[in-house]
Amino acid sequence: MAWEMDNGRPIYSQIVEKIQLRIISGYYPAGTKLPSVRDLAAEAGVNPNTMQKAFMELERSGLLTTMRTSGRIVTEDENMIKEIKETIAKQEIEQFFNKMREIGFSPEQTMNLAESVYKEDK
Amino acid sequence: MSALVECVGLTKCYTNGVPAVAGLNLAIEKGHIVGLLGPNGSGKTTLIKMINGLLRPTEGAVLVNGKEPGVETKKVVSYLPERTYLEAQRTVADMLEFFEDFYEDFDPERAKEMLASLGIDPKARMKTLSKGTKEKVQLILVMSRRAELFILDEPIAGVDPAARDYIIRTIISNYNPEASVIICTHLISDIENILDDVVFIKQGQIVLQMSVDDIREKHGKTVDAYFREVFAC
């Protein structure tokens, strides 16, 4: 199944986000090898050159490193992965608060509501 | 870097005097997957036929690997026409043999593998196959050559969505970084993610040649949506 892509945003940046998510969630653990450009392009249903561009972007950020003989591996720097994970989590939370504000909930009300929903679920 | 396909002032007039392709300039680099997109009657098929040497230009020139279309270029160009030309009485296996005799770069193993994964019986006669299955066979034959340029005229229009996904994956995984693919289609959203560049053609001329991500970045919309805007009726 091809990866789901949003409309109207560059494909390569969506791939970058997707791979980032796979790394921070542990799907590709620190220090492991990534599939080849071609294999991952086929999985995602995207152009191999676009996948290549996404890989280069991830290398620039330090999340991936190229090994001369064995393709690309995920960084072994666990702190870096943790930082990115927290940054993304914060962004998600901010977006959530913004959305709640749009439907008329203050941050405090949102927090209280979130807590009661969380308790109900348990 | 020299282009794999180069068109300079390319013009084709049919007998009614109206040019189907009018002074068209286009360069396609090696290793690119290009979508050739345009409304009906915009000159897409005429252009493709000239690249394949099936039509001769009225004016201007088209070069493939620096050569005029002919025996040498046909060795490296694998062409899927919009209509099938496969003999109805023959079997799928006959067609594989035919392609093997005809093209040095044909890889029968690759073709057999693809037939198997799409569940097509090699012993079936062409005339007994459904329209969509015939199209799949034709596409498998064309994609099983190790060509330098693949030209696919409406490759997915007649096949079901599941097979469409398979075909698109096949195009990605079979494709070698030195080869280029030109895909001519109306089904833009299905193939948008696998294209490097899109070429918009209108009244026999190129109106836009740009990468998919540049279009998305500049216009904030998909190529499909942008096409609808540019060619709004």
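Just so you know, all these numbers are worked out from the coordinates, no wet-lab data involved. Please read all numbers here as calculations on a predicted model, not as lab measurements. Here the Cβ is made from the backbone with ideal geometry for all residues, glycine too, and neighbour counts use every protein chain on show.
Using just its DSSP H runs of length 4 or more, each adding -39500 (n - 2.57), chain A gives a mean residue ellipticity at 222 nm of -20000 deg cm²/dmol after division by all residues. Annotation for B:N40 and B:Y14: the two label points, set 7 Å from Cα along the Cα-Cβ direction, are 1.3 nm apart. Placing a label point 7 Å from the Cα of B:K75 along the Cα-to-Cβ direction, the residues of the stretch B:103-126 with a backbone N closer than 19 Å are B:103-108.
How big is the gap, in Å, between the Cα center of the stretch B:68-146 and the Cα center of the stretch A:32-68? Value for the Cα centre distance between the two parts: 33 Å.
Using C-alpha pairs below 8 Å separated by at least 6 residues, the relative contact order for the stretch B:181-233 is 27 percent. Only aspartates and glutamates eight or more places from B:K127 in sequence, or on another chain, were considered; those with a Cα closer than 18 Å are B:E82, B:E87, B:D94, B:E97, B:E135. Label-to-label distance for A:E94 and B:A61 is 5.7 nm, based on points extended 7 Å past Cα in the beta-carbon direction. Packing, taken as the mean count of other beta carbons within 10 Å per residue, orders the peptides B:16-29, B:148-161 from highest to lowest as B:148-161, B:16-29. Counting Cα-Cα pairs of the protein assembly as shown in 10 Å increments starting at 0 gives whole-percent bin shares of 5, 20, 26, 23, 14, 7, 4, 1. Please average, across the residues of A:37-47, the number of beta carbons from any other chain that are within 10 Å of each residue's own beta carbon, and give a whole number. Mean partner-chain Cβ count within 10 Å for A:37-47: 6.
Taking 0.36 nm per residue of separation and subtracting the Cα-Cα distance, what length does fully extending A:D39 through A:T66 add?
Values: separation 27, 0.36 × 27 = 9.72 nm, distance 1.65 nm.
That works out to 8.1 nm of additional length.
When DSSP assigns beta bridges and you keep just the ones with both residues in the protein assembly as shown, what percent turn out antiparallel, to the nearest 5?
Values: 25 of 42 bridges.
That works out to approximately 60 percent antiparallel.
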